[in-house]
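Okay, so here's the structure we're looking at.
Read-outs: derived from the displayed coordinates by stated rules, not from any lab. Predicted model, so just to flag it, every value in this text is computed and none were measured. Because the Cβ atoms are built from the backbone with ideal geometry, glycine has one as well, and the counts that use them run over all protein chains shown.
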Amino acid sequence: MKGLILAGGFGTRLRPLTYTGAKQLIPIANKPIIFYGIETLIDAGIKEIGIVVGETGPEVRQMVGDGSRWNIKIDYIHQPSPLGLAHCIKISREFLGDEPFIMYLGDNLLKEGVRKFVDKFNRNSPDALILLTRVPNPQDFGVAQIDNNNKVIKLIEKPKEPPSNLALVGIYLFNKNIFLAVDNIKPSGRNELEITDAIQWLLDNNYNVESQEVEKWWKDTGKPEDIIDANLLVLEGLEPSNQGRLLDSLVNGKVVIEPDAIIENSTIRGPVIIGKKSHIIHSYIGPFTSIGNNVIIENSEVECSVIMDDARIKNIEKRIDRSIIGRGALISQTDHSPRTHRFILGDQSYAEIVR
C-alpha cells in the first residue's frame, strides 16, 4: 500500500499565518503538522508516500525532504491550483499505479493512528474504506448517511441540512477503482472534483464502500482555534525531559526543555515544550504552551498558546492566552494594558501594546 498526503491549498482560514508559509508546516508541539501524518503512515507500514503540493511546494519540499530521515521514499506531485481532493487522486495516478493507497489530508491529526484501518482494508478488500467521526457541526464537513446495518448509503459535501452528524475524517483508503469514479464525476459548484462525489459514484455503481468510526480524537487544523486545540491535545501526551538549563526556576508537570534552552527566574507549568536555544526570563509559562526554537520571552506570562521559532515577547504586563505567534514576530508593551491579550500574528509581525 502507498500513501498520498495532500499538502496544497491556500489555507485562507489560517491567514495571516499562511501568507508566509504552508498551513501543513505550522508547528504542533514544535513539530510541523505534516510530520504527524507522515509518521502515522510509517507506523502502518507504508514506505512510499506521494505528497501533493501547490504554490507552497518548495517550502514543503525543503522542510520534508526526500524521506531519508524516516528511511522511506517521498515523491512530490504538483497540483497547479486547488481543484479538489478527487483531482489530487487524478493527478497522482502515475505515482499510485494499481496499488491500493491511503489518502491523508496533511493538516489532519488522528490520535489513534491508521494501522488498524489499514489492517481492516487489507483484510476485507473493499473498494473504499472511509473514516467517520461524530461532530456538533456536520454542515461544515462531508457527511455520511448510514442505514440500520451501518452501511453507507449516501455522502453529501457540506449539506445545509445534514442527514446525520457523521463527518468524513480526512483519511481515506482506496483500491484502483477510485480512478474510475474520479473519471466519471464532474466539477461541483465550486469548480472542484469532490471526493464525496467520487465515493458516491462507487456507491451508486455497487462498489463496496465500508466505513469505520474513529474511537479517539481527530482534529482538522484548518482554523486558528483548531491549531490551539490540537496543540493542547498533543501536549497531553508529552514525556517530560530536560536537556536545557534551569536557573532559579520552578518546573511542574509534563515539561520538555530542549537542548541549549535557558529558563531563568521563571515558572513553567506543564504540559509545555520549550525549543532549542530559547530563553525564558522572569516569566510564567502556563499549561498547553509550545515555544519554538530561539524564542525569547521576558517579563511576560503565556498560557495555552503556540509561539513559533525566533519570536520575541517582552514586558507584557498581563497574560497572553490562546494565541498563535508567528516566526520572528515581536510583541512588546509600554505602559499599562487590558487584563488579557489574544493574538494571531503571522511571521515577522510586530505588535506594540500602548495606552
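A few remarks follow.
- Square roots of 5 times each gyration tensor eigenvalue, C-alpha, the range 93-241, largest first, Å: 26, 19, 16
- One decimal place: the segment residue 125-residue 183 gains 18.7 nm when fully extended, by the rule 0.36 nm per residue minus the C-alpha distance.
- Candidates 86, 44, 128: whichever shows maximal mean-square fluctuation once the chain is modelled as a Gaussian network with Cα springs under 10 Å: 44
- Degrees separating the helix 33-43 axis from the principal Cα axis of the chain, which is the longest one: 50 degrees
- Candidates 232, 180, 155: whichever shows maximal mean-square fluctuation once the chain is modelled as a Gaussian network with Cα springs under 10 Å: 180
- Stretched out straight at 0.36 nm per residue, the stretch from residue 151 to residue 315 would grow longer than its current Cα-Cα span by 53.3 nm.
- Ranked list, fewest to most other Cβ atoms within 10 Å of each Cβ, for 133, 56: 133, 56
- Between residue 116 and residue 158, the contour length at 0.36 nm per residue exceeds the alpha carbon distance by 12.4 nm.
- Of all DSSP bridge pairs formed entirely within the chain, close to 25 percent run antiparallel.
- Cross-link table 2/111; 73/151; 276/314; 223/254; 2/276; 31/154, entries beyond 28 Å C-alpha to C-alpha: 73/151; 2/276; 31/154
- Placing R0 at 45 angstrom, the Cβ-Cβ distance between residue 137 and residue 99 gives a FRET efficiency of 0.80 after rounding to 0.05.
- Values (i) 0.98; (ii) 1.02; (iii) 1.04 are given for comparison; Rg/Rh (Cα atoms, Kirkwood Rh), derived from the coordinates here, is the one labelled (ii).
- Residue order, fewest to most surrounding Cβ atoms within 10 angstrom, among 241, 92: 241, 92
- Result for the chain in a Gaussian network model with C-alpha springs under 10 Å: among 331, 274, 307, the largest mean-square fluctuation is at 331.
- Placing dummy labels 7 Å off each Cα toward the beta-carbon, the span from residue 246 to residue 43 is 2.9 nm.
- Computed FRET value (nearest 0.05) for residue 284 with residue 236, which takes r as the C-beta separation and R₀ as 25 Å: 0.80
- Efficiency of FRET between residue 55 and residue 212 - r from beta-carbon atoms, R0 30 angstrom, step 0.05: 0.30
- Ranked 266, 332, criterion: other C-beta atoms within 10 Å, fewest first: 332, 266
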